[in-house]
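Down below is the structure, laid out as C-alpha cells.
Read-outs: derived from the displayed coordinates by stated rules, not from any lab. The structure presented is a predicted model; accordingly, all values stated were derived computationally and were not measured. Here the Cβ positions follow ideal geometry from the backbone for every residue, glycine too, while neighbour counts run over all protein chains shown.
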Amino acid sequence: MVFVSKIYLPDKEKYKSYIDKIYESGWVTNNGPLVQELEKRLEEHLGVKNLLCVANGTIALQIAYMLLELEGEVITTPFTFVSTTGSIAAEKLTPVFSDIDAKSYNLDPAKIESAVTGKTSAIVPCHVFGNACEIDEIDEIAHKHNLKVIYDASHAFGVTYKGKSILSYGDVSAISFHGTKFFHTVEGAALVIKDDALYEKAKVIRNYGSDAPDSVSMVGINGKMNELEAAMGLCVLDEVDTILAQRRNSHEYYAEQLKDYIQMQSFNKDASQSYSYFSIVLRSEEEMAAVRAALIAQDISPRQYFKPSLDTVPYVEERQVMEVARDIASRILVIPIHSDVEPTVAKIVIETLQKMRG
Ligand SMILES: *Cc1c(COP(=O)(O)O)cnc(C)c1O
C-alpha cells in the first residue's frame, strides 16, 4: 500500500555518527547539545530568531497558550488536523469556529470578526497544506480587538510570506516535526516566539515551570525534545532542499495533469509553498468516494484530510454550522506526493472521473 505520507529516513551512517556521540557523552535529554545545535541551525535555515524545540506539535500549541496566558474563547478553524482544536480544549479554553474560504481552505478573514465576543482572547489559524493565511488581514483584526495570534504552521516548513519566514508572523508560530511531516525529528516540534521576554518564559514552561535547579517559578509542562530526535532532525535538515525539489516536481506534475478535472487549492500569491500535500476536491461526495475506492483498489491510500470538520467533534459546543468546511471535508482527498506513484495516481483519478462524468 502506498500511503499519503512516507517517513523520510536520512543517511543511516550519518545518523549513526550522531548516536555514537550520544553514547560517548551519555547526554540523552534535558536541553542537550544536539537540541541546541538543531535550534541554531533551524534559526539560520529559516531566518528566524527565538526558535525553541519541543516534544511535539500538540504540546507546542499548548505551551503557546500557557505562555500568552489565554483565557475564555479562542477563534479557530474547523478545517485542520484535530490537534489544533484539541490543544485548545485541553487547556480548558473554548474553541469557537469561524468558517474557511472555499478556495484557500484557510480561515476566511471576512468572517472572523463576527465570532469575536467579550470573552475572546486569541485567534488560532492554520496555514492549511502550507498555504499562507491572509496574515495582514488577520493581524489587523487581532490588533483592533486586542487578541493574540498563534499560527499553526505545521504544514509550512520553509514557507516565506512577503519575503520573510512565515514562522515570524503572529505572537507565536508552532510547527510540528512529526515523522509524517516534510521536515521531521520522528516526534517533535518548534515554537517561534516574537517577544524576547516571552521566549525566555517559554523555556521555563517547557521545563516543568522550573527556572533553575531547585526552583519553580510558574506552571509548566514536560515539553522537551530529546537528543535522539534532535539527531534525526540534524540529518534530515541536510537533505530538505532535495526533498523540496522532488515534492515540487510531483506537485507541478499533478497540477498539470489534473487541472481540467478537479478543483485545486488556490495558494496565497504573497507566499512561497512547501509542496507537502496535494489535495483534490471533487464535485460531489459520490465522486470523491469513487476516486477513493479506485485508488484503494490499486493499493494507493488517499486520506480524507481534514475529516471530520472540527465543528462536529463531541467536545465542542455547536454555535454555528461551518458549512464551507463541512462541504470541503466531504469532497476532498489528499493524494500521495513523495514517491514514484504520481503518474499512476493521476491516471486513476482521470479515468474514474471520465467514467463517472461520461
Ligand atoms: C501534525 C499536525 C499537528 C500535531 O502535531 P504533532 O507533532 O503530531 O502533535 C497539529 N496541527 C497540524 C495542522 C498538523 O498537521
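Of note:
- Annotation: amide H-H contacts under 5 Å for Val96 (H modelled 1.01 Å from N, sequence separation of 5 or more, or interchain): Val74, Ile75, Thr76.
- For the chain, with +1 on Lys and Arg beta carbons and -1 on Asp and Glu, the positive-most of Gly223, Leu107, Ile141 along the dipole: Leu107
- Shape call, segment 34-106: gyration tensor on alpha carbons, a/c limit 1.5: oblate
- Derived scalar couplings ³J(HN,Hα) [segment 99-106; Karplus, 6.51 cos²θ - 1.76 cosθ + 1.60; whole Hz; x for Gly, Pro]: 6, 8, 7, 5, 9, 8, 6, 9
- Relative counts (whole %) of C-alpha pair distances in segment 152-234, using bins that are 5 Å wide: 3, 14, 19, 21, 21, 14, 6, 2, 0
- Structure remark: mean-square fluctuation, Gaussian network model of the chain, C-alpha springs under 10 Å; the largest value among Arg319, Arg303, Arg292 belongs to Arg319.
- The chain shape via C-alpha gyration tensor axes, a/c threshold 1.5: oblate
- Averaging Cα coordinates gives a centre for segment 160-239 and one for segment 266-287; these two points are 28 Å apart.
- Evaluated with a Cβ-only charge set (Lys, Arg +1; Asp, Glu -1), segment 127-198 carries a dipole of roughly 160 debye about its Cα centre, given to the nearest 20.
- Normalised contact order of the chain, rounded percent, pairs of Cα under 8 Å and 6 or more residues apart: 23 percent
- Shape call, segment 2-159: gyration tensor on alpha carbons, a/c limit 1.5: prolate
- The magnitude of the dipole of segment 239-331, with charges of +1 and -1 set on the Cβ of Lys/Arg and Asp/Glu and taken from the Cα centre, is near 40 debye.
- Taking the centroid of alpha carbons for each part, segment 322-358 and segment 1-24 are 31 Å apart.
- Signed unit charges on C-beta, dipole axis of segment 1-64, positive-most listed residue Leu61, Trp27, Val4: Val4
- Residue of Ser274, Ser25, Ser87 that the Gaussian network model of the chain assigns the largest fluctuation, springs spanning Cα pairs under 10 Å: Ser25
- Given charges at beta-carbon only (K, R positive; D, E negative), |dipole| of the chain in Debye: 560 debye
- Most fluctuating residue given options Lys144, Lys40, Lys92, as computed from a GNM of the chain linking Cα atoms under 10 Å: Lys144
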